[in-house]
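Engineer: Have a look at this one.
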Amino acid sequence: MKLRDLIAGAGLSYDSRRVNRGDLFFSTARDLNQNRVNVDDALNRGARAVVVKGGGGVAARPAVTIVECGRPRIVMGVAASHFFDAPSRQMDLIGVTGTSGKTTTTYLLASIFEAAGIPCGIIGTIGTFVGGRKLYSGLTTPESIDFEGALAEMRRTGVRAAAAAEISSIGLDEGRVEELNFRACVFTGLGRDHLDYHGNLENYFAAKLHLFTDLLPRSSHPEPVAIIRGDDPYGKRVLASVTGRKLSFGLDPALDVHPISFDAGLDGIRASVHAEGRTFEVRSALLGKINLLNILCVCALSVALGIETDAVVEGVRRCPGAPGRLEAVAGPAGVKVLVDYAHKPDALEAVLESLRALNPHRLICVFGCGGDRDRGKRPIMGEIAGRLAGLPILTSDNPRTEDPLSIIKEVEAGISQSGLSRVTENDAAHRPGYLVEPDRRAAIAMALRLAAPGDIVVIAGKGHEDYQLVQGRKLDFDDRVVVREIRAEMRAAGG
């Protein structure tokens, strides 16, 4: 039986709990036993065909088609593209990959497209949005059924020209985006992340590189383009690997797009940007060199796509940034409080370096590391916080199934390497050191109590998240809400 015959008249699903009678079901679990459970559940709910990894041991049933293959997600991508009539071939899909900067870059791009009169959808970590309406929340790079469905919905509701999407390394490795048609792909740089999945940094990089060496060249667009950070070591490798049209960006004046001059202060960014014969005089309320790089990136892409200079300048000016990315939250008088998603070494280092450059009286950093993830990054992040923050406050992130105190101990080893010693809250105001408070709310309260006018407090690791994962429970917890609550309590108490 051909794939188009399986799709005809059927719905598509990869979640057995959402299967309807007559659906085509794709089993994507890594565990073979879980595959069998999922397939049985889907068939009991009325699936008329299933696609499962070969060797899954799924027993045949009457009037049911079972397709065994090496990579069910690849087949699912083909089916989803056919089912939704390949919407990525009918718009400019911009794929953004890299360890950090993906989310802010997509928000800047969307703002520029909107300023140019081109409605633009967003797909990424915070969710899938069209016209301010959220369609989906889950994986940074959705499964192909959700991805193609979101693009089809964007076209149905008027977003017919552009979509900016974060493309994760795991999404690439699993084959979720194999059937997508990209107008342009962006590489923001590479640092340590997802090594619990990829095993090592080279595998992680190879997954990212696949977007530029395999997927982008397949594009049906007449001149697909790669936008690459050229002053990043891995970006240089991407540049060397791309054979089609490409533009480099970064702080190095030898790159295609770079700042002629810039100022990044507490009031935001001002920069004169050279971009292939054009000059952008940009202003932005976003903070730090990390956001200057994001702005350079979108200027490069805008030049490649032929967007007018005025639209680029206006789009950058009015973009407030992405939720939970150096997002300002009102704190004690004279204290700048920022919430950021930095939960990996290079992101934490970039954030702290950017904020140190703003010359605060003291830089206080509340941070932790997630459980059930790459343990090797824990001491690295501890050393970064110890070296760059004036006062690191070590706490819990999303401990998941791990003991928070065990995670903290591994991070603390890195802080000690930086030369700092553990101190009490009373001592912290008088001598260098770091604090440990496993309770995240209490740690945030501690930071706000210790902060003085002229200080910057950055609460890192969770950003836009409105939950905390603890021992199988999903607890309500939003760093931004907690800051507001503690500030109100301090004001009520006369603090």
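The values are calculated or read from the model by the stated rules, or taken from the named source; none is laboratory data. Here the structure is a predicted model, which means the values were calculated and not measured. Don't worry about glycine lacking a Cβ; one is built from the backbone with ideal geometry, like all the others, and counts go over all protein chains shown.
Engineer: In the stretch 421-442, is there at least one residue being outside any strand (DSSP E or B), farther than 20 Å from VAL351 by Cα and among the β-branched types (Val, Ile, Thr)?
Structural biologist: Yes, that holds for at least one residue.
Engineer: Which of (1) outside any strand (DSSP E or B); (2) within 30 Å of ASP455 (Cβ to Cβ); (3) touching a strand residue (DSSP E or B) at 6+ places or on another chain (Cβ under 6 Å) is the odd one out, the single condition VAL329 does not satisfy?
Structural biologist: (1)
Engineer: Test each condition in (1) part of a helix (DSSP H, G or I); (2) touching a residue at least 12 places away in the same chain (Cβ under 8 Å) for ALA165 and report the one that comes out false.
Structural biologist: (1)
Engineer: If you go through the stretch 204-217 one residue at a time, do you hit one that is of a type in the set (A, V, I, L, M) and buried (at least 23 other Cβ atoms within 10 Å of the Cβ)? If you could, list the steps in order and put the result at the bottom.
Structural biologist: Keep residues of the stretch 204-217 that are of a type in the set (A, V, I, L, M), which gives 206-207, 209, 211, 215-216.
If we keep only those that are buried (at least 23 other Cβ atoms within 10 Å of the Cβ) too, we end up with 211, 216.
Yes.
Engineer: Which residue is surrounded by the fewest Cβ atoms within 10 Å (Cβ to Cβ), if the candidates are limited to the stretch 227-247 and must be assigned to a loop (DSSP other than H, G, I, E, B) and in contact with a Leu (Cβ under 9 Å, 6 or more places away or on another chain)?
Structural biologist: GLY244
Engineer: Are there any pairs with C-beta distances below 6 angstrom linking a residue in the stretch 324-338 that is of a type in the set (Val, Ile, Thr) to a residue that is in a strand (DSSP E or B) and surrounded by 21 or more Cβ atoms within 10 Å (Cβ to Cβ), with the two at least 6 apart or on different chains, and if so which?
Structural biologist: Within 6 Å, the pairs are VAL329/VAL337; VAL329/VAL339; VAL337/VAL457.
Here's the yes/no breakdown for (1) under 25 Å from the mean Cα position of the chain (by Cα); (2) modelled with pLDDT under 95; (3) part of a loop (DSSP other than H, G, I, E, B):
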| position | (1), (2), (3) |
| --- | --- |
| ARG61 | no, yes, yes |
| ARG73 | yes, no, no |
| VAL96 | yes, no, no |
| THR105 | yes, no, no |
| ALA110 | yes, no, no |
| ILE118 | yes, yes, yes |
| GLY138 | yes, yes, yes |
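Engineer: Follow-up. Does ARG356 satisfy being at pLDDT 95 or above, over 23 Å from the mean Cα position of the chain (by Cα) and of a type in the set (Lys, Arg)?
Structural biologist: Here the answer is yes, as ARG356 does meet what is asked.
Engineer: Going through VAL335, VAL351 one at a time, which residue ends up being assigned by TED's automatic domain parsing to the domain that holds PRO399, crowded, with 24+ Cβ neighbours inside 10 Å and at negative phi?
Structural biologist: Working: VAL335 fails: crowded, with 24+ Cβ neighbours inside 10 Å.
Residue meeting the stated conditions: VAL351.
Engineer: Out of the residues in the stretch 75-94 that are surrounded by fewer than 21 Cβ atoms within 10 Å (Cβ to Cβ) and under 14 Å from VAL159 (Cα atoms), state the one that is nearest to the chain's Cα centre (by Cα).
Structural biologist: Only one residue tops the list, namely ASP92.
Engineer: Those residues that are out of contact with any strand residue (DSSP E or B) (no Cβ under 8 Å at 6 or more places or on another chain), in contact (Cβ under 8 Å) with a residue 60 or more places away in the chain, within 13 Å of GLU327 (Cβ to Cβ) and of a type in the set (A, V, I, L, M), I need them from the stretch 428-485; list them, please.
Structural biologist: none
Engineer: I've got another one for you. From ARG431, ARG473, which residue is at pLDDT below 95 and outside the structural domain of THR103 (by TED's automatic domain parsing)?
Structural biologist: Working: ARG473 fails: at pLDDT below 95.
Exactly one of ARG431, ARG473 is at pLDDT below 95 and outside the structural domain of THR103 (by TED's automatic domain parsing), namely ARG431.
Engineer: Please find, among THR243, THR188, THR213, the residue that is of a type in the set (Val, Ile, Thr) and modelled with pLDDT under 95. Give the steps one after another, and end with the answer.
Structural biologist: Working: THR188 fails: modelled with pLDDT under 95; THR213 fails: modelled with pLDDT under 95.
Matching residue, one of THR243, THR188, THR213: THR243.
Engineer: Also, quick follow-up: Got at least one residue in the stretch 179-187 being over 23 Å from GLY124 (Cα atoms), among the small types (Gly, Ala, Ser) and not in a loop (DSSP other than H, G, I, E, B)?
Structural biologist: No.
Engineer: Let me ask something else about it. Please state which of the following conditions LEU405 fails to meet, knowing it meets all the rest: (1) in contact with a strand residue (DSSP E or B) (Cβ under 8 Å, 6 or more places away or on another chain); (2) among the aliphatic types (A, V, I, L, M); (3) assigned to a helix (DSSP H, G or I).
Structural biologist: (1)
Engineer: In the stretch 199-226, which residue that is closer than 12 Å to ARG183 by Cβ and not in a helix (DSSP H, G or I) is nearest to the chain's Cα centre (by Cα)?
Structural biologist: ALA226
Engineer: Moving to a separate point now. Please verify whether VAL337 is in a helix (DSSP H, G or I), at pLDDT 95 or above and not polar (S, T, N, Q), treating the condition exactly as stated.
Structural biologist: No, not satisfied.
Engineer: Let me ask something else about it. In the list ALA63, ALA49, which residue meets the criterion of being outside the structural domain of LEU215 (by TED's automatic domain parsing), surrounded by fewer than 24 Cβ atoms within 10 Å (Cβ to Cβ), small (Gly, Ala, Ser) and in contact with a Leu (Cβ under 7 Å, 6 or more places away or on another chain)?
Structural biologist: ALA49
Engineer: Then there is this: Can you tell me which residue among ALA445, ALA413, ALA451 is of a type outside the set (D, E, K, R), buried (at least 19 other Cβ atoms within 10 Å of the Cβ) and in contact with a helix residue (DSSP H, G or I) (Cβ under 7 Å, 6 or more places away or on another chain)?
Structural biologist: ALA445
Engineer: I want to confirm something. Restricting to the stretch 140-162 and keeping residues that are part of a loop (DSSP other than H, G, I, E, B) and modelled with pLDDT of 90 or more, which single residue is farthest from the chain's Cα centre (by Cα)?
Structural biologist: Across the stretch 140-162, the extreme among qualifying residues is GLU143.
Engineer: Just give me the residues in the stretch 454-495 being outside any loop (DSSP other than H, G, I, E, B), surrounded by 13 or more Cβ atoms within 10 Å (Cβ to Cβ), of a type in the set (D, E, K, R) and under 24 Å from the mean Cα position of the chain (by Cα), in sequence order.
Structural biologist: ASP479, ARG480
Engineer: Here's something else I'd like to know. Starting from residues that are surrounded by 23 or more Cβ atoms within 10 Å (Cβ to Cβ) and in a strand (DSSP E or B), keep the ones in the stretch 364-402 and report whichever is nearest to the chain's Cα centre (by Cα).
Structural biologist: So, considering only residues that are surrounded by 23 or more Cβ atoms within 10 Å (Cβ to Cβ) and in a strand (DSSP E or B), the one nearest to the chain's Cα centre (by Cα) is PHE367.
Engineer: Here is a follow-up. Taking the stretch 278-325 as the search range and keeping residues that are buried (at least 22 other Cβ atoms within 10 Å of the Cβ), among the small types (Gly, Ala, Ser) and part of a helix (DSSP H, G or I), which one is nearest to the chain's Cα centre (by Cα)?
Structural biologist: Only one residue tops the list, namely GLY288.
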